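These notes concern the structure reproduced below.
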Amino acid sequence: MSHRLAVLISGSGTNLQAIIDAIQAGQLQAEVAVVLSNSATAGGLQRAIRAGIPTLTLDHRNYPDRSGFDQTMISELDRFQPDTVVLAGFMRILSTAFVRHYHGRLINIHPSLLPRHKGLHTHRRALEAGDSEHGCTVHFVTEELDGGPAIARARVPVLVNDDEEILSQRVQAREHDLYPRVLDWRAAGRLTLGPQGVLLDGKPITAEGIDIDQLPAGLSGSAGTDRI
Ligand code: GRF
């Protein structure tokens, strides 16, 4: 049976689109079982509908508290039996109960080189800090916001004339490559979260995550090497 993804969005869904495209191109051996949005106006919903993917819209404003909303998300999502829950621009802080329920199968992409610039406005903050490089990180989600164990990262240079918009576009282009590749490791059963941290092909990876531009030979295909 193919690996089932549930993708959670709040916005335009360009990462969702990259995932859909990678599946259609045969680069990601998985299926998107459902797309869930907390906003009826999220552009990503149209991308899902165009691709024939079931959608769920749950407006958090209709729930008295975070816990009630998250419990409803759990019961709705579980009807689709997701193997991995993929946060792709989902702009809600998740409750402990939600994070624990999906422990080891909940993954996020964050637009910075974690642990630098957790939280919002990462591109602006990278510019303000005078960083010479920036990028994005895919990580397992734990109860610490943007603090779960890193899986992989893609770096970009920060150039002298960059503004927030240009820098965000440069990072997003890397997100669209990075996320489907990491999800394919996951779909192939190669990527797990153990008590000691992230394991790829049964081996621990470095704390900052695998640099996607410095993959050991063979890693993107079959088994990896000791250099991870
Ligand atoms: C991305 O920048 C991602 O890193 C962050 O939210 C944004 C989502 O963008 N978590 P999109 O909706 O996929 O276009």
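Going through region 114-135 one residue at a time, which ones are touching a strand residue (DSSP E or B) at 6+ places or on another chain (Cβ under 6 Å) and closer than 24 Å to Thr96 by Cα? Talk me through it step by step, then tell me what you get.
To start, the set of residues in region 114-135 that are touching a strand residue (DSSP E or B) at 6+ places or on another chain (Cβ under 6 Å) comprises 114, 126, 133-135.
Listed by number, the list holds a single entry, Leu114.
What are the pairs, 6+ residues apart or on separate chains, where a residue within region 129-158 that is closer than 15 Å to Leu193 by Cα and part of a loop (DSSP other than H, G, I, E, B) has its Cβ under 8 Å from a residue that is of a type in the set (Ser, Thr, Tyr) and more than 12 Å from the ligand (Cβ to nearest atom)?
Final answer for the pair search is Val141/Tyr102; Glu143/Thr96; Gly148/Thr142; Pro149/Thr142.
Scan region 164-196 residue by residue and report those that are away from the ligand (no atom under 16 Å from the Cβ) and either modelled with pLDDT under 95 or surrounded by fewer than 15 Cβ atoms within 10 Å (Cβ to Cβ) (or both). Lay out the reasoning, then the answer.
Initially, region 164-196 is screened for residues away from the ligand (no atom under 16 Å from the Cβ), giving 184-196.
Residues satisfying the conditions are Gly189, Gly194, Pro195, Gln196.
Could you tell me which residue of region 10-44 is nearest to His60 (Cα to Cα), considering only residues that are within 11 Å of the ligand (Cβ to nearest atom), over 14 Å from the mean Cα position of the chain (by Cα) and surrounded by 21 or more Cβ atoms within 10 Å (Cβ to Cβ)?
Going through the qualifying residues, I end up with Ser37.
Look through Asp70, Asp59, Asp65, Asp78 and report the one residue that is surrounded by 19 or more Cβ atoms within 10 Å (Cβ to Cβ), over 18 Å from the mean Cα position of the chain (by Cα) and of a type in the set (Asp, Glu).
Numbers: Asp59 fails: surrounded by 19 or more Cβ atoms within 10 Å (Cβ to Cβ); Asp65 fails: surrounded by 19 or more Cβ atoms within 10 Å (Cβ to Cβ); Asp78 fails: surrounded by 19 or more Cβ atoms within 10 Å (Cβ to Cβ).
After ruling out the rest, the residue left standing is Asp70.
Considering (1) within 14 Å of the ligand (Cβ to nearest atom); (2) of a type outside the set (A, V, I, L, M); (3) in a loop (DSSP other than H, G, I, E, B), say which one Pro82 fails and leave the rest.
(1)
Go through region 21-62 residue by residue and tally those that are in contact (Cβ under 8 Å) with a residue 24 or more places away in the chain and part of a loop (DSSP other than H, G, I, E, B).
9
The values are calculated or read from the model by the stated rules, or taken from the named source; none is laboratory data. Computed from a predicted structure; not experimentally measured. Counting neighbours? That spans all protein chains shown, and the Cβs are built from the backbone with ideal geometry, glycine included.
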